[in-house]
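Here the structure is laid out as structure tokens; the discussion comes afterwards.
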Amino acid sequence: MILNFYAIKAIFKFEMSRTYRTPLQSFASPVIATVLYFVVFGSAIGNRMTPIDGISYGAFIVPGLIMLTVMTQSVANASFGIYFPKFLGTIYEHLSAPISSFEMVIGYVGAAATKSAGVGCIILAVSFLFVPLKIQHPLLMLALLIATALCFSLLGFILGLWAKDFEQLNLVPALVITPLVFLGGSFYSIAMLPSHWQTVSLFNPAMYVISGFRWAFFGVSDVPITISLLSIVILAIVFFAIIWRIFATGYRLRQ
Amino acid sequence: MSAIVKIQDLTKRYDDGKLALNDLSVEFMRGEIIALLGPNGAGKTSLISIICGLTTISDGLVTVDGFDIQSNYREARSLVGLVPQELMLEPFETVMGTVSLSRGLFGQAQNHEYVEGLLSRLSLWEKRDSPIRELSGGMKRRVLIAKALSHEPKILFLDEPTAGVDVDLRRDMWRLVKDLQAEGVTVILTTHYIEEAEEIADRIAVINEGQILLVEDKSILMNRLGKKELLIDLSESLIEVPQGLAGLGVRLQNGGRQLSYSYDMATEKSGIPEVLGALKIEGIGFSDVHTEQSSLEDIFIELVAER
Ligand SMILES: Nc1ncnc2c1ncn2[C@@H]1O[C@H](COP(=O)(O)OP(=O)(O)OP(=O)(O)O)[C@@H](O)[C@H]1O
Ligand SMILES: [Mg+2]
């Protein structure tokens, strides 16, 4: 047995079944939140906004909204997915099973990313109802969507491994991840900020990802697309390395 | 019989410095039922957790069917099933869902026939689509057993399988363990109930403060350490033990209505003929004579106290 495919499949299936058990929480609430964003920002405020880079504000926020949801949902899904078995103690079974940490990561992160990428697609479909959209690089857009979902699911997985209680599990997204994503240009172009805030934004990894995703839609972006692509790869490598380290030391999993 | 699990000089020190296993060595034989007996905190769960991969080794070597549990963890763990001490289950998952997860985790393709047989055997088939939170405590324990057996392991660890379980279920559990043994599964269980070890185990290992005090065939253990007591019900009560009997170590009890004499089954001479002879000489009438054998419990208390 070089790779325990059955284990990966079993974890994936088990995690996905959690989603189907709670369809409202999994799908309805992100969609409703998105519709609200469209009503508030797209219609009410957007009408008074001048187009950015020649794109109507309503259309401009679509990639940002998808990223906002995909990033936060990925972190939430993956962190909860691994934290819950730790909390319940059911993680004993994974630890006693003939699986490597790599297989465990693929199972959990794969399921979390699938869920959030799925929600991202639903939001995209919903946005067609609100604004006329033409996606310039649909394949790249899809690839970036999946890569972002995977990347932030890795981050969520780290959070779930690290968290000692539900408070930590909720606090990190609220205090770190959501602000980074909001301030990463989900709803505005970095160019609209005063110059010193533009400099600050350059230290925000989420900004590079959002910018790249917007480029796939409209061909315009805050930073060159190559830099965005590179940053996603770097983020994924960093997150993976951290997870590797955690498993190698047994940190907070095996006593 | 050959050993299927070998534990050599195993030491476990937890991060807080607590020494749970202290240079412990023991072997479990292929096809046997062995009971690990020991007081709270003896290190039973720590030992099982290490063999199953839940806890890291501080020092020592453990092999399962020849596979090192660290360097060949896939082969070693594939052979092992674990029923943990605590009832740890996902409350919202169904019985079928959680058992399928277990089978998959252990690298087996789904096998509906086997799982149906397993769930039926544990009286869970009717409940296969119920969420676990709707099950009783006894059912949950059986779900844990189903999970542990889902991948057809050759070795089954049961950590206090009958804690908080009613008499019927306990008997079911014992029968299951015997059946599994008949199918060739090696069963290692921990228990606080001496009668449980007495009832089903082939061998008994007594563990205390992270060390094995002894491992012995149950019958040999009972014989070697067992004390028997000869009890003589008197026709008329006595005030004190007559001279001839007191010299043999006979005591008076039950308000002078019974004489008792303890003897060691291991020694050649029990001393019973002498006691009976002395009764005759003293002219003491008795209505009944019977013997009582010390249980494993007594043996166990004695062993632990000795150290
Ligand atoms: N995770 C842990 N961290 C620190 N110490 C621990 C940990 N787990 C167990 N111990 C300690 O190690 C010792 C052995 O515990 P263990 O759970 O193995 O005993 P046990 O024989 O299973 O007891 P019981 O019959 O109560 O289940 C105890 O002193 C316990 O407090
Ligand atoms: Mg225990």
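Looking only at B:GLY271, B:GLY107, B:GLY255, which one moves most when chain B is put into a Gaussian network model with springs between Cα atoms under 10 Å?
Looking only at B:GLY271, B:GLY107, B:GLY255, the biggest GNM fluctuation is shown by B:GLY255.
Calculate how steeply helix A:225-249 sits against the longest principal axis of the alpha-carbon atoms of chain A, using the helix alpha-carbon long axis, and give the answer as 0 to 90 degrees to the nearest 10.
Here the helix axis deviates by roughly 20 degrees.
Taking the DSSP beta bridges in the stretch B:3-222 as the whole, what percent of them are antiparallel, to the nearest 5?
On the way: 21 of 39 bridges.
The antiparallel fraction comes to roughly 55 percent.
Only Cα pairs within less than 10 Å get springs; with that Gaussian network setup on chain B, which residue of B:ILE194, B:ILE48, B:ILE220 has the largest fluctuation?
B:ILE220
Working out 0.36 nm times the residue gap between B:GLU27 and B:GLU274, then minus their Cα-Cα distance, what length gain in nm do you get to one decimal? Show your work: numbers first, answer last.
Values: separation 247, 0.36 × 247 = 88.92 nm, distance 4.33 nm.
Result for the pair: 84.6 nm of gain on full extension.
So which of B:LYS18/B:LYS147; A:LYS13/A:LYS86; B:LYS44/B:LYS218; B:LYS127/B:LYS218; B:LYS18/B:LYS154 end up more than 26 Å apart by C-alpha? Walk me through the intermediate numbers first.
Numbers: B:LYS18/B:LYS147 31 Å; A:LYS13/A:LYS86 18 Å; B:LYS44/B:LYS218 18 Å; B:LYS127/B:LYS218 38 Å; B:LYS18/B:LYS154 32 Å.
As for pairs spanning more than 26 Å Cα to Cα, those are B:LYS18/B:LYS147; B:LYS127/B:LYS218; B:LYS18/B:LYS154.
Among the aspartates and glutamates, select those whose C-alpha is under 12 Å from the C-alpha of B:LYS227, and discard any that sit fewer than 8 residues away in the same chain.
Correct list for B:LYS227: B:ASP264, B:GLU292, B:GLU297, B:ASP298, B:GLU302.
Could you work out which residue, out of B:LEU180, B:LEU248, B:LEU82, moves most in a Gaussian network model of chain B, that is, has the largest mean-square fluctuation with Cα springs under 10 Å?
Maximum fluctuation in the GNM of chain B, among the listed residues, is at B:LEU248.
What is the sum of charges around B:GLN258, taking Lys and Arg as +1, Asp and Glu as -1, for the other residues whose C-beta is under 15 Å from the C-beta of B:GLN258? Provide the component values of the computation, followed by the final result.
Numbers: positive: B:ARG251, B:ARG257; negative: B:GLU229, B:ASP233, B:GLU236, B:GLU240, B:ASP288, B:GLU292.
Here the charged neighbours net out to -4.
Would you mind computing the Rg to Rh ratio of chain B from its alpha-carbon coordinates, Kirkwood style for Rh? Working shown, then result.
Values: Rg = 24.4 Å, Rh = 22.1 Å.
Here Rg/Rh amounts to 1.11.
Counting Lys and Arg as +1 and Asp and Glu as -1, what is the net charge of the other residues whose Cβ lies under 15 Å from the Cβ of B:ALA278?
Numbers: positive: B:ARG251, B:LYS269, B:LYS280; negative: B:GLU240, B:GLU274, B:GLU282.
Charge balance in the 15 Å sphere: 0.
Inverting the mean 1/r over all pairs of different Cα atoms, compute the Kirkwood radius of the protein assembly as shown and quote it in Å.
Details: mean 1/r = 0.0357 Å⁻¹.
Computed over Cα pairs of the protein assembly as shown, the Kirkwood hydrodynamic radius comes out at 28.0 Å.
Where does the protein assembly as shown land at 222 nm, in deg cm²/dmol rounded to the nearest 500, when only DSSP H runs of n ≥ 4 count, each adding -39500 (n - 2.57), divided by all residues?
Working: 22 runs with 279 residues, N = 562.
The helix contribution divided over the protein assembly as shown gives -15500 deg cm²/dmol.
Which parts of the stretch B:101-115, residue by residue, lose 20 Å² or more of accessible area when the rest of the protein chains are there, as against the chain isolated (1.4 Å probe)?
Residues of the stretch B:101-115 that lose at least 20 Å² of accessible area once the other chains are added: B:LEU101, B:GLY104, B:LEU105, B:PHE106, B:GLY107, B:ALA109.
Average partner chain C-beta neighbours within 10 Å, per residue of A:10-23? Present the calculation step by step, with values, prior to reporting the outcome.
Numbers: counts 10, 3, 1, 5, 9, 1, 0, 7, 4, 0, 0, 5, 1, 0.
Shielding by partners across A:10-23 averages 3.
Find the eigenvalues of the gyration tensor of the Cα atoms of the stretch A:40-181, then list the square roots of 5 times those eigenvalues as equivalent ellipsoid semi-axes, largest first, in whole angstrom. Show your work: numbers first, answer last.
Values: eigenvalues 241, 56, 21 Å².
With the √(5λ) rule applied to the stretch A:40-181, the semi-axes are 35, 17, 10 Å.
Considering only DSSP states other than H, G, I, E and B, which trypsin sites (Lys or Arg not before Pro) in the stretch A:189-255 qualify as loop sites with at most 15 other Cβ atoms within 10 Å? Each step should come with its number before you reach the end.
Numbers: sites: A:ARG214, A:ARG245, A:ARG252, A:ARG254; in loops: A:ARG252, A:ARG254.
Answer by residue number: A:ARG252, A:ARG254.
Could you put A:ASP222, B:ASP23 in order of accessible surface area, largest first, with the 1.4 Å probe and the full protein assembly present? Numbers along the way, then the final one.
Details: A:ASP222 55, B:ASP23 85 Å².
Largest to smallest exposure gives the sequence B:ASP23, A:ASP222.
Once you charge only the Cβ atoms, +1 for Lys and Arg and -1 for Asp and Glu, what is the size of the charge dipole of the protein assembly as shown about its Cα centre, to the nearest 20 debye? Walk me through the numbers before you get to the answer.
Values: 45 positive and 55 negative charges, 587 e Å.
Its charge dipole is roughly 2820 debye.
Rounded to the nearest 10 degrees, what's the angle between the helix A:205-218 long axis and the longest principal axis of chain A, both from Cα atoms, 0 to 90?
Helix A:205-218 sits at roughly 60 degrees to that axis.
Give, as ranges by residue number, the residues of the stretch B:270-289 whose backbone N falls under 17 Å from the point 7 Å along Cα→Cβ of B:ASN223.
Counting backbone N atoms under 17 Å from the label point, the list is B:270.
For the pair B:LEU61/A:ARG245, report the inter-label distance in nm, with labels modelled 7 Å from Cα in the Cβ direction.
The two pseudo-label positions are separated by 3.4 nm.
Which aspartates and glutamates have a Cα less than 20 Å from the Cα of A:LYS134, not counting those fewer than 8 places away in the same chain?
Filter leaves A:ASP53, A:ASP222.
For A:SER17, what is the net charge nearby, where nearby means another residue's Cβ is under 14 Å from its Cβ and Lys, Arg count +1, Asp, Glu -1?
With Lys, Arg at +1 and Asp, Glu at -1, the net is +1.
Any idea which of B:LEU214, B:GLN181, B:LEU149 is furthest toward the positive side of the dipole for the stretch B:130-230, if Lys and Arg beta-carbons carry +1 and Asp and Glu beta-carbons -1?
B:LEU149
In Å and from the alpha-carbon atoms only, list the Rg and Dmax of the stretch A:98-255.
Reported Rg and Dmax, both Å: 17.0, 55.
May I ask for the angle, rounded to the nearest 10°, between helix A:57-88 and the longest principal axis of chain A, with both axes built from Cα atoms and the value confined to 0 to 90°?
10
In debye to the nearest 20, how big a dipole does chain A give about its Cα centre with +1 on each Lys and Arg Cβ and -1 on each Asp and Glu Cβ? Kindly include the intermediate steps, with their values, before the conclusion.
On the way: 13 positive and 7 negative charges, 67 e Å.
It comes to approximately 320 debye.
Using a simple charge model, +1 on the beta-carbon of Lys and Arg, -1 on the beta-carbon of Asp and Glu, nothing else, what dipole does chain B show about its Cα centre, in debye to the nearest 20? Working shown, then result.
Working: 32 positive and 48 negative charges, 127 e Å.
Approximately 600 debye in magnitude.
The values are calculated or read from the model by the stated rules, or taken from the named source; none is laboratory data. Everything numeric in this text was worked out from a predicted model, so none of it was measured. Cβ: placed from backbone, ideal geometry, glycine included. Neighbour counts: every protein chain shown. Surface accessibility is based on the protein's heavy atoms, side chains included, excluding ligands, DNA and RNA. Shrake-Rupley method; radii C 1.70, N 1.55, O 1.52, S 1.80 Å.
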